[in-house]
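Structure record follows, encoded as structure tokens.
The values are calculated or read from the model by the stated rules, or taken from the named source; none is laboratory data. Nothing here was measured: the structure is a model prediction, and the numbers come from that model. Heads up, the Cβs are rebuilt from the backbone with ideal geometry, glycines too, and the neighbour counts pull from every protein chain shown. With ligands, DNA and RNA removed, areas are computed over all heavy atoms of the protein, side chains included. Shrake-Rupley method; radii C 1.70, N 1.55, O 1.52, S 1.80 Å.
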Amino acid sequence: MGEGESGHRKRAIGEYRTAGEVEGETPLSTEVTTEHITQLGADELVINMGPQHPSTHGVLRVKLKLDGERVIGSECVIGYLHRGVEKIGENRTYQQFAPYVDRMDYVAAVSNGLGYCEAIEKLLVVEAPPRARVIRTILTELQRIASHLLWLGTHALDIGALTPLFYCFREREEILKIFEKYCGARLTTHAFRIGGLQYEAYDTLEKDVERFCKDFTSRIVEYEDLLTQNRIWLGRTKGVGILSAADAIAYGVTGPVLRASGVKWDIRKAMPYAAYDQYKFEIPTGTAGDTYDRYMVRMEEMRQSRLICLQAIENIPTGPILAKVGKVLKPPAGEVYHAIEAPKGELGYYVVSDGTVQPYRVRIRPPSFVNLEAFDRMVRGHLVADVVAIIGTLDIVLGEIDR
Amino acid sequence: MQPAVQATMEFLKLYWVPLLCGVIIVALLPLIAGYIVLVERKLMADMQVRLGPMRVGPHGLLQPIADALKLLIKEDIIPENSDALVFWLAPVLSVGAALLALAGLAIGPAFQVAQDINIGILFVVGISAMGIFGIVLGGWASNSHYSLMGALRSSAQLVSYETAAGMALVAGLLFAGTLNIKAIVDAQQSAGVWFGLLSPVALFTYLVASIAETNRAPFDLPEAESELVAGYMTEFSGFRWALYFLAEYTNMVVVASVATTLFLGGWLRPFASVHWLDFLDYFPTLLMVLIGVYCLIRVPKQPSRVHQLFMLAVAALCFVVALVLLAPVILPIAHPFKAGILGSFWFLLKVGLYLYLFMWLRFTLPRYRFDQLMRLGWHFLIPLSIINVLLVGIALIAGSYFQLQGWALLLATTPAAVIGLVAAIVLLSVEQKTHSAAAPSAAADFYGG
Amino acid sequence: MADEPKEPQPPPVPPGDKPASTALPSAPAAKAPDAKAPAAPARPAPPPPKPPVSLQTPLNNELVARLRGKFDAAIVEAIEDRKQAIVTVARERLGEIALYLRDEEKFDMLSDLTAVDWPRREKRFDVVLNLYSFAKNERLRVKAHAADGEKVPSMTGVWPTANWLEREVFDMFGIIFEGHPNLTRILLPEEWQGYPLRKDYDILHQDTAWVKENLGIESGQ
């Protein structure tokens, strides 16, 4: 539900900022007329990458102010996928709301579920049993790999490399098969329950994960062969969309984008949840904060996720998989903010309980929403062809941004 | 009346072969281009771990026909304020130029529409350059800012790389000494070595320039969606778009043919002048027989009766072609046709390999951004091709001084090629340094680093 | 200091298996009627209602002491809930407190800025800031109460993240942030009437006028 598209409403021609005023933090004036766009000869031009566009990864509308070829300002219009999930949360019980959470970042549903279940467990002050936590970790790390694979394929496709997409989906297919065997669903999995897991790990889970992890190293080498040292890839991604560490922290950017800017911070290490404190893994960081560094960080993260999975399946503790939480959940009144390291960044759940079976307020802090705020900062001074690369490198999912 | 009819009959008697070739080309080329597209889709699928079109016809072989039919029956949308005449004319110009360029090319000593033009290569290159009109007029006639921008960009790219391609051709022509297509191939036969071997730098330069000439990846930014629109082709729907598409693939065939003629020996078989290797004349037949046998082996493995019959038909076709290719070698009465028939096979094989290289690069490499593309053309390719012409000239002078003929000429040209390679590396690294120095400062201006 | 725990969480506070929240008053429930209410009288005499268990305890660590020292009465309340530090401050001084927290206490990242609506309260809105300090690796929640119509100082000058977060709060709750460069709706269309996350905005409610005009249909349902 956003503004309507071209031609339906005529507004007055707004004031345009000249190139000298670019440094201000104020965004574009929203008063833009579409007739102006087709007039040739204007020094500045406002063009619209409309909500329907193959490269915006969802329904995102980007207004770009151009000076010739260079972008001197931008404005993202979101809300086309707003479904009122937070309002729905106030009208469902805690367990009923869990499937809604998968549909936000639909690319990495398992992470969303993990964050929500852990937030409610914090609210209830219960802890999932060790076996559940380890299995949760394995599935979440597989989901991280799957999410990064999808990112890699689509990002490379936007920049023109047609083939990595299919290779990445081939691997993603393996992971989705594992999810399907585990909980019956590939995409919106609802894999976890509040208090632990509902389904026991199926008998060949460890073998499947091990086989996937063993094959995966050679596959990453395939992707890297195609891209990492490729002149054209380097030319399209090095120096594009630079975000300094100070800017990243100021804009609240989290996840691989923050790490590529040089800030070594990962919630899995800083405030461990699930079973992450038991495993050894590195946090890849970049130095330049450009698109290439974000690419390298995510590639390395895939490798580290694979290592976590291998460590986890070696020793899955036995025991119950669901803590005793009862069928009716009425957490004590209060509130909790729980954040996890989703593939896209810090996914936070702020849940306020008033002691009844339904949450009083469910607030979801989407990583892509906050990361997209930094888009304007990153895109200024670049050419139009780089805009698509920068949107891709932020790894946004509109389901999460709009909720 | 009588003299007119008589003159026409005389004309037809003399020129029935080229006329026939012309008619065949114009009638068949849309079909052929459609099947080149199918081959590309199947190759792309193979490299991307999937199958490609499989539904329409056995293994998707009727896909191009379905696509053509679909495009023909689509609604013809013309933008409101566009110039209707130019809108109609633009794709026609593109296709016309491409097809006309084909007229100058020869796939065998006798198969040429425009027989024996003195300016053969120049004719082809000049006419295919006229296709740029089609692009610019198409973008202008669309009455859309974005289309015009895309068209101008595309034409700027084509013009820049035309220069590099031309200089590469000049290097090859220095060896040939003539622009006449038949004479160029004959020169390669008498020299006994292909000009591409004599000047690999020229071949490489022409390869890169021809990819840019035909708007193929990695130089296809004017057509990609990061252009925000599909460039100059956006407003053309249905058959008009099919004409642009046809023009693009025909251009691909044209540049492949030019490269084959000048650098890869045209219709000559490998080692055409080495007579103890004459058994290579059986290679085309052998190849077709092998393909036919492979089809026969796969017949029982086909999923359905229709597929089996189809495979049998393909195998039969392969054997028939094998026989046709065998006849001129074995039968004495067919010897005069040997150069024509076998030559066509070799020519088409080389063009096919060149196109395969095009397609392979498209699937593997990402896309260049427009400024990087232009920088590559002007700062790397054009200087390299000019340097190469100088080096080839010097090599030829040295060759004639030491009276090197045929294969011995390689002694002179190989050092030239090595120096050319060194020059290429130097140019690339210089361009890299200046480019990386430029980019951050430009961006830094806008947000203070 | 109230840290997010690095070790596994302590055993549940209330003894026994179930959380002790069986008989809390349903006062703040301005939502759909609890389906269990009609069933309750049918059961045999229920045990006397236990007092509601709240896990919130007053917080008196060094950070709070420093804040109180500097801002005195502006720090309305400081509690700890399930190991999280929550500080409630006066709305008018939120700007300076935020600057102090960012610069002196090194809470350099604003994780989240949101609001909660308590309509029965006089100052119905809770504007909630979730802060994080990289240096200290700790989180802090800062709340400010605001009545309907009162303006809250904008955090965009302190943490640029707050730009879109405040726009969303404005969009959903109607809270005006003073000093925000572009306070317009972000998720809903600009002409939408009503603020959906307020408790008096029913879940089935919508701006039917907008829907009719822009989508051409009677209702979005």
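Relative contact order, whole percent, for the range A:105-193 stands at 38, derived from Cα pairs under 8 Å and 6 or more residues apart. The region of chain B that goes longest without hitting one of the trypsin sites (Lys or Arg not before Pro) in a DSSP loop, each with at most 14 other Cβ atoms within 10 Å, is B:75-449. Given +1 at the Cβ of Lys and Arg, -1 at the Cβ of Asp and Glu and no other charges, the dipole of chain A around its Cα centre is 1020 debye to the nearest 20.
Computed as a quarter of the hull surface, the mean projected area of the alpha carbon convex hull for the range A:315-403 stands at 9.3 nm².
Database remark: amide H of A:ALA342 closer than 5 angstrom to the amide H of A:LEU347 (H placed geometrically; neighbours at sequence offset of 5 or more, or on other chains; Pro and chain starts carry no H). For the range B:239-275, the residues whose backbone nitrogen is under 16 Å from a point 7 Å from the Cα of B:VAL56, taken along Cα to Cβ, are B:239-243, B:245-246.
Interface residues of the range B:195-222, defined as a loss of at least 40 Å² in heavy-atom accessible area between the chain alone and the complex of all protein chains with a 1.4 Å probe, are absent. Each label point was placed 7 Å from the Cα along the Cα-to-Cβ direction; for B:VAL293 and C:ARG120 their separation is 9.0 nm.
Grab the beta carbon distance between C:ASP72 and C:ASP200, set R0 = 30 Å, and tell me the FRET efficiency rounded to 0.05. For R0 = 30 Å, the calculated efficiency reads 0.25. Comparing B:THR261, B:LEU246, B:TYR294 along the charge dipole axis of the range B:238-312, the residue lying farthest to the positive side is B:TYR294, per the Cβ-charge model. Considering only B:ALA209, C:ILE186, A:GLN198, and ranking their Cα positions along the charge dipole of the protein assembly as shown that arises from unit charges at the beta-carbon of Lys, Arg, Asp and Glu, the one farthest toward the positive end is A:GLN198. When A:LYS238, A:LYS280 are compared by accessible area of protein heavy atoms, the largest-first order is A:LYS280, A:LYS238, using a 1.4 Å probe.
Accessible surface comparison of A:HIS190, B:HIS379, probe 1.4 Å, protein chains only, largest first: the order is B:HIS379, A:HIS190. Per-residue surface analysis assigns B:TRP194 an accessible area of about 60 Å², computed on protein heavy atoms at 1.4 Å probe radius.
Proximity of backbone amide H atoms, modeled 1.01 Å from N, is registered between C:ALA85 and C:ARG141 at under 5 Å, excluding neighbours fewer than 5 places apart on the same chain. For the range C:72-92, a decrease in accessible area of 10 Å² or greater in the assembled protein chains relative to the isolated chain, with a 1.4 Å probe, applies to C:ASP81, C:ARG82, C:GLN84.
Our note on the geometry: Cα centres of the range A:78-100 and the range A:321-369, 12 Å apart. Relative to the longest principal axis of the Cα atoms of chain A, helix A:384-394 runs at roughly 20 degrees.
Both chains summed, the buried accessible area for A and C stands near 6100 Å², from protein heavy atoms and a 1.4 Å probe. Electrostatic tally near B:VAL56: other residues with Cβ closer than 15 Å to its Cβ, Lys and Arg +1, Asp and Glu -1, net +3. Could you state the accessible area per residue of chain A in Å², with a 1.4 Å probe and every protein chain left in place? Accessible surface, normalised per residue, equals 31 Å². Once A binds B, the 1.4 Å probe can no longer reach about 3400 Å² of accessible area, counting both sides.
The angle separating the long axis of helix A:164-183 from the principal Cα axis of greatest extent in chain A is about 30 degrees. Loop-located GluC sites (Glu not before Pro) across the range C:116-206 with a Cβ neighbour count of 12 or fewer within 10 Å are C:GLU122, with loop assigned by DSSP.
Whenever you get a sec, compute what percent of the accessible area on chain A sits on carbon and sulfur atoms (1.4 Å probe). Its accessible area is 53 percent carbon and sulfur atoms. Each residue of the range A:312-323 was assigned a 3J(HN,Hα) from its phi angle through the Karplus curve 6.51 cos²θ - 1.76 cosθ + 1.60 (θ = phi - 60°); the sequence is 5, 6, 5, 9, 8, x, 8, x, x, 10, 9, 6 Hz, with glycine and proline shown as x.
Between C:GLU104 and C:LYS151, what FRET efficiency follows from the Cβ-Cβ distance if R0 is 25 Å, with the result rounded to 0.05? That pair, C:GLU104 with C:LYS151, gives E of 0.45.
Once divided by 2.2 N^0.38 Å, the Cα radius of gyration of the range B:302-396 becomes 1.83. Only protein heavy atoms count here; under a 1.4 Å probe, B:LEU421 has an accessible surface of about 110 Å². Less than 5 angstrom separates the built amide H of B:SER199 from none of the residues sequence-distant by 5 or more or on a different chain.
In this label model, A:GLU44 and B:ASP46 are separated by 5.4 nm, measuring between points 7 Å along each Cα→Cβ vector.
For the pair B:LEU28 and B:THR163, label points projected 7 Å from Cα toward Cβ lie 3.9 nm apart. Kirkwood radius, the protein assembly as shown, all distinct C-alpha pairs, inverse of mean reciprocal distance: 33.3 Å. From helices alone, chain B scores -24500 deg cm²/dmol at 222 nm; the rule is -39500 (n - 2.57) for each run of n ≥ 4 DSSP H residues, then divide by the residue total. The alpha carbon convex hull volume per residue for the range B:1-105 rounds to 200 Å³.
The range C:86-160 and the range B:298-316 have Cα centres lying 74 Å from one another.
Annotation: average projected area of chain B is 28.5 square nanometres, based on the convex hull of Cα atoms across all directions. The phi-based Karplus calculation (6.51 cos²θ - 1.76 cosθ + 1.60; θ = phi - 60°) puts the 3J(HN,Hα) values of the range B:65-72 at 5, 4, 4, 5, 4, 4, 5, 5 Hz, whole numbers, x for Gly and Pro. The Cβ shell under 12 Å around C:ARG121 holds other residues with a net charge of 0, Lys and Arg each +1, Asp and Glu each -1.
Within the range A:169-275, the GluC sites (Glu not before Pro) that combine a DSSP coil assignment with at most 14 other C-beta atoms in a 10 angstrom radius are A:GLU200.
Stretching C:ALA65 away from C:GLU96 to a fully extended chain increases their span by 9.5 nm, per 0.36 nm per residue minus the current alpha-carbon distance. Structure remark: mean-square fluctuation, Gaussian network model of chain B, C-alpha springs under 10 Å; the largest value among B:PHE319, B:PHE123, B:PHE263 belongs to B:PHE319. For the range B:108-240, the orientation-averaged shadow of the C-alpha convex hull comes to 9.4 nm² (one quarter of the hull surface).
Positive-end ranking of B:LEU365, C:LEU55, C:VAL211 along the dipole of the protein assembly as shown, with charges on Cβ about the Cα centre, is headed by C:LEU55.
Ranking of B:PHE175, B:PHE111, B:PHE279 by solvent-accessible surface, largest first: B:PHE279, B:PHE111, B:PHE175 (1.4 Å probe, protein heavy atoms only, all chains present).
Compared with the direct C-alpha span, the chain from B:PHE279 to B:VAL86 gains 64.0 nm at full extension, assuming 0.36 nm per residue. Distance between the C-alpha centres of the range A:103-159 and the range B:218-284: 48 Å, rounded to the whole angstrom.
Working note: Karplus 6.51/-1.76/1.60 with θ = phi - 60° gives the range C:167-179 the couplings 4, 5, 4, 4, 4, 8, 10, x, 7, 8, 9, 7, x Hz, where Gly and Pro are set to x. For chain A, go through all pairs of different Cα atoms, get the mean of 1/r, take its inverse, and jot down that Kirkwood value in Å. That comes to 22.2 Å for chain A.
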